[in-house]
Amino acid sequence: MFSLSGKKVLVVGIANTQSIAYGCARAFRQQGADLAITYLNEKAEPHVRPLAEELEAEIFLPLDVRNTAEVDALFDEIGAKWGRLDTVLHSIAFAPREDLHGRVIDCSAEGFGIAMDISVHSFLRMIRKAEPLMPHGGTCMTVSFQGASRVVEHYNMMGPVKAALESAVRYAAAELGPKGISVHALSPGPLRTRAASGIDSFDELLNAAADRAPTHQLATIEDVGAYAAFLASDAAANVTGGVHPIDGGYSIID
C-alpha cells in the first residue's frame, strides 16, 4: 500500500466537519502526514481550531487568499518550520450570491472577477509559493465539479469558473511536470457541504445524483480524502494533470 509518513501537507479550506478539506486532512493524517491548516478569519477560527487540534496540525494560521501578507506569512512559516512542502490541497471557492443566483450572461464583471480570483487564481498563486518548497517534487490539488464540463442546473456562473480551474490544472501540470510536481483536480459528485448550500435547489440535485449514480450512493468526504491521500503518495508520482471524478459513477451517466 502507501504511506504519507513524514510528508508535509498544507490544507486550505476547512470550515467544519462537513468540508471536503476536512475529509482530506483527516485521510492525510491517518496515513502519517504532518499538517498545516488554515482558517479564513476570526469568525471561522473557533470552528476550525478544534479540528486542527484533533488532527495535530503543526501549523495553524489565518489565510484569506486575497490578503498577500497572510499568504506570505503562511509560506514563510512553512519554510521556517519544515523547510519543504510535499502537498498542497486548495479547497476553496466563492462567488457573490447575487451573481451566483442569476443567469451566467447576467453576472457582473466584478462578481465574475471575484469568483475567478478566489476560486482559480488563488490556486495558481499557492502553487507558485509552494514551488520553491518542492525541490524534489510534490503534489498540488484543487477541487472542481461536474458543472465545469456540462450544464448543471442552478450551478450557474460557477460552471465557467470551475472550467477555468480545470484548464489551469492542465497547464500547471505541463509546466511543473519536469520538476516532479503533479497537479490535480478532484471532482466529487454533489456533496452536502456549507459551500454547496449556497446553490439553489441543491437538495434536488443531491437526490437526483444518488438516483442516477451506478452505485446509487453519493460520494462522501471520506471517499474524496482516500483518493486525495493516494494522489499525495509516492505511488502516484507519475500521475498528473487529471480531473478525477469521485462520484459513484454519476459523471458517466447521460
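The values are calculated or read from the model by the stated rules, or taken from the named source; none is laboratory data. Since we're looking at a predicted model, the values are computed, not measured. Using ideal geometry, Cβ is built from the backbone for each residue, glycine included, and neighbour counts are taken over all protein chains shown. Accessible surface areas use protein heavy atoms only, side chains included; no ligands, DNA or RNA. Shrake-Rupley method; radii C 1.70, N 1.55, O 1.52, S 1.80 Å.
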For MET157, what accessible area in Å² do you get when you roll a 1.4 Å probe over the heavy atoms of the protein chains, rounding to the nearest 10? 0 Å²
Would you kindly derive the ³J(HN,Hα) couplings of region 65-76 from the backbone phi angles with the Karplus curve 6.51 cos²θ - 1.76 cosθ + 1.60 (θ = phi - 60°), listing them in order in whole Hz, with x for Gly and Pro? 5, 8, 9, 4, 5, 5, 4, 4, 5, 4, 6, 5
Explain nothing, just the number: dipole magnitude of the chain about its Cα centre with +1 on each Lys and Arg Cβ and -1 on each Asp and Glu Cβ, in debye rounded to the nearest 20. 480 debye
Descending accessible area (1.4 Å probe), largest on the left, turns LYS7, LYS129 into LYS129, LYS7
Per residue value of the accessible surface for region 90-244 (all protein chains in place, 1.4 Å probe), Å²: 47 Å²
Ignoring ligands, DNA and RNA, what percent of the 1.4 Å accessible area of the chain is carbon and sulfur? 51 percent
